[in-house]
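S.K.: Have a look at the structure that comes next, please.
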Amino acid sequence: MPSRLIYAIVFIEGFCSLGAEVIALRRLVPHVGSAIVVTAPTIGFFLLALALGYAAGGRIADDYRRVVRNNFLLAAALAGIGLSGPAIDLAFAHLQPAPIAYLAFVGGVMCPIAWLLGQTVPVLTNLLASERVGEASGNALYWSTLGSFLGSLALSLGMMQWLGVSAAVFTCALGLASGALLLAGRDGKFWLLAGLTVAASLAVNLQHAVNADTAYAEYRVSTVDLPGQQNPRAFKVNQSVASLLDDSEPPRTTRYAEHLRRVLRDELGFREREILVLGAGGFTLSLADPDNRYTYVDIDPAIRDIAERDFLKRPAGGEFIVDDARRFVAASERRFDAVVVDVYSSHTSIPSHLVTQEFWAGLRRVLRDGNGIVLANLILDGKLETPLARNLLATIESVYGRCAVEVLHKGKPLANVEVLCFASSQPAATGIYRDELNRADSDRLR
């Protein structure tokens, strides 16, 4: 084989193998989130399968072109169908609990792709007979790694941002099928099989019924049955309801959004104030509040257009800034009267850098004159008995002292928990009233 053809093949291998890993991590977000306890094992399993593929490729002693050709086509089928939205949604819908579906996806789709493609470099370097072993392997690894670098950037920052995740999946499948055809020669049956694989990949990825599927989340707008409401609809982010809206005037929204608005307008009397909202959701918080100025911050640049076009059916009220919530808070020179924290990417997933003591303390710097309030919408168990509920609330109160906590939907396993803290408050030592030593009366005087 010509050296240029070999390097083209290993470039495709690198591009599509790391591309498949990036896509797999993104596809898992709606179902198991993006916490480090999910991403680290996923990357680890991928690297293990890749290592086993290297070892398997090193043991192959003949028929090199046919082996790599078949591996590429099988990997194209696994990527095009196994990484599609409908296939993953189906797996997580029928394989419960979620860790079972996760292991089935990793073991049945992602790892086989890595194992098949991992064989490419050790197999094809056998065909570079005119070069020294070190030179041949070095050049092959260079082109493979360069492909991985470009694949990770092109798919995550390019394809997913502008055309969606399904387009990135199809690109990987098409690239692998093209690499297989470069090795197929004039084998008509193989060309037909490759064509069918590409067609199947295209068909299944066109079936992903979402309004938008960006690098950060998938968005769906669907009608819901809510008695007494006019044309109610749900704005779903990563398969979790982020906002509700109907066509009445003023529009009715989710209970937690109406609660936050009531606290700001009715209980605190906010008028002509600057309110920062971290996490845009469906942009419903400002809908029935024309008297205050809202600034929404969200990491996904596409969310406003999607919400306005398919959910709000009107322009969103307030300013929209594309940024990571913590980075905006750390860098902004603007000051606000209130900060609303609503940063869930799904019911089960909140970015871990937005729950720490440092994050909550950092919110003080964007509050005007160190005063103002922090309002947080948390999704926790209704009894506040789990370690997450206890520790997250304790973390917030370690910064602001005692905060008001109200649990909505108390009868459900997961509930919206609304936390209100005043920035002027500070944590302080506490005591316990006992029959033997009771300072309640003196505390009242203080």
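S.K.: Provide the gained length on full extension for the span Leu206 to Ile321, in nm with one decimal, where the gain is 0.36 nm per separating residue minus the Cα-Cα distance. Please list the in-between numbers first.
M.R.: Working: separation 115, 0.36 × 115 = 41.40 nm, distance 3.11 nm.
Extra length available between Leu206 and Ile321 comes to 38.3 nm.
S.K.: While we're here: Send over a whole-number figure in Å² for the accessible area per residue of segment 66-161, probe 1.4 Å. Don't jump to the answer; show the numbers that get you there.
M.R.: Numbers: 4020 Å² over 96 residues.
In whole numbers, segment 66-161 has 42 Å² accessible per residue.
S.K.: Further question on the same structure: Hey, got a sec? Which trypsin sites (Lys or Arg not before Pro) in segment 173-264 land in a DSSP loop and have at most 12 other Cβ atoms within 10 Å? Kindly include the intermediate steps, with their values, before the conclusion.
M.R.: Working: sites: Arg186, Lys189, Arg220, Arg233, Lys236, Arg252, Arg255, Arg261, Arg262; in loops: Arg186, Arg252.
Listed in order of number, the matching sites are Arg186.
S.K.: Mean-square fluctuation check for the chain, GNM, Cα pairs under 10 Å: which of Gly269, Gly282, Gly317 is largest?
M.R.: Greatest mean-square fluctuation among the candidates belongs to Gly269.
S.K.: With each pseudo-label sitting 7 Å past Cα toward Cβ, what's the Asp187-Glu436 distance in nm, one decimal?
M.R.: With each label point 7 Å from Cα toward Cβ, the separation is 8.5 nm.
S.K.: Return the percentage of antiparallel bridges among DSSP beta bridges fully within segment 288-446, rounded to the nearest 5 %.
M.R.: On the way: 14 of 23 bridges.
Beta bridges within segment 288-446, antiparallel portion: roughly 60 percent.
S.K.: What order do Leu90, Leu183 take when sorted by accessible area (1.4 Å probe), most exposed first? Mind showing how you got there, number by number?
M.R.: Values: Leu90 105, Leu183 10 Å².
Sorted by accessible area, descending: Leu90, Leu183.
S.K.: So if each residue of separation counts as 0.36 nm, and I subtract the Cα-Cα distance between Glu406 and Ser222, what length gain in nm does that give? Spell out each step's value before the answer.
M.R.: On the way: separation 184, 0.36 × 184 = 66.24 nm, distance 2.87 nm.
That works out to 63.4 nm of additional length.
S.K.: Report the accessible area of Ile9, computed with a 1.4 Å probe over the heavy atoms of all protein chains in place, in Å² rounded to the nearest 10.
M.R.: 0
S.K.: A follow-up question, please. What longest region of the chain stays clear of GluC sites (Glu not before Pro) that DSSP places outside H, G, I, E and B and that have at most 16 other Cβ atoms within 10 Å? Provide the component values of the computation, followed by the final result.
M.R.: Numbers: sites that count: Glu131, Glu272, Glu333, Glu385, Glu436.
Excluding the exposed sites themselves, the longest stretch runs over 132-271.
S.K.: So in the chain, what percent of DSSP beta bridges are antiparallel if you round to the nearest 5?
M.R.: Details: 27 of 45 bridges.
Restricted to the chain, the bridges split so that about 60 percent are antiparallel.
S.K.: Among Ala331, Ala104, Ala302, which one moves the most in a GNM of the chain with springs linking Cα atoms closer than 10 Å?
M.R.: It is Ala331.
S.K.: Which lysines, on any chain, are close to Lys313 with Cα under 23 Å apart, when same-chain ones fewer than 8 places away are left out?
M.R.: Counting by Cα, and skipping residues close in sequence, Lys313 has these lysines nearby: Lys236.
S.K.: Let me ask something else. Evaluate E = 1/(1 + (r/R0)^6) for Leu388 and Gln161, where r is the Cβ-Cβ distance and R0 equals 41 Å; express this FRET efficiency to the nearest 0.05.
M.R.: Numbers: r = 32 Å, r/R0 = 0.77.
Between Leu388 and Gln161 the formula returns 0.85.
S.K.: What does the extension gain come out to for Glu267 and Ser3, with contour length at 0.36 nm per residue minus their alpha carbon separation?
M.R.: Numbers: separation 264, 0.36 × 264 = 95.04 nm, distance 7.34 nm.
Between Glu267 and Ser3, full extension yields an extra 87.7 nm.
S.K.: Tell me, what is the 1.4 Å probe accessible area of Asp381, in Å² to the nearest 10?
M.R.: Asp381 has an accessible surface of roughly 20 Å² with all protein chains in place.
S.K.: Got a number for carbon plus sulfur as a percent of the chain's accessible area, 1.4 Å probe?
M.R.: Accessible surface attributable to carbon and sulfur in the chain totals 59 percent.
S.K.: Follow-up. Sort Ser222, Ser349 by heavy-atom solvent-accessible area, probe 1.4 angstrom, most to least. Please report the intermediate quantities before stating the final value.
M.R.: Numbers: Ser222 40, Ser349 10 Å².
Ranked list, largest accessible area first: Ser222, Ser349.
S.K.: For the chain, calculate the relative contact order in percent as a whole number, restricting contacts to Cα pairs under 8 Å that are 6 or more residues apart.
M.R.: Relative contact order, the chain: 13 percent.
S.K.: For the pair Ala428 and Glu308, how long in nm is the line joining their label points, each one 7 Å along Cα→Cβ?
M.R.: Each label point lies 7 Å from its Cα, and together they span 4.8 nm.
S.K.: Could you give the radius of gyration (one decimal) and Dmax (whole number) of the Cα atoms in the chain, in Å?
M.R.: Using the Cα atoms of the chain, the pair Rg, Dmax is 26.7, 94 Å.
The values are calculated or read from the model by the stated rules, or taken from the named source; none is laboratory data. Remember, it's a predicted structure, so these values are computed and weren't measured experimentally. For neighbour counting, all protein chains shown are included, and Cβ atoms are generated from backbone atoms with ideal geometry for every residue, glycine included. These area figures cover heavy atoms from the full protein model, side chains too; ligands, DNA and RNA do not enter into them. Shrake-Rupley method; radii C 1.70, N 1.55, O 1.52, S 1.80 Å.
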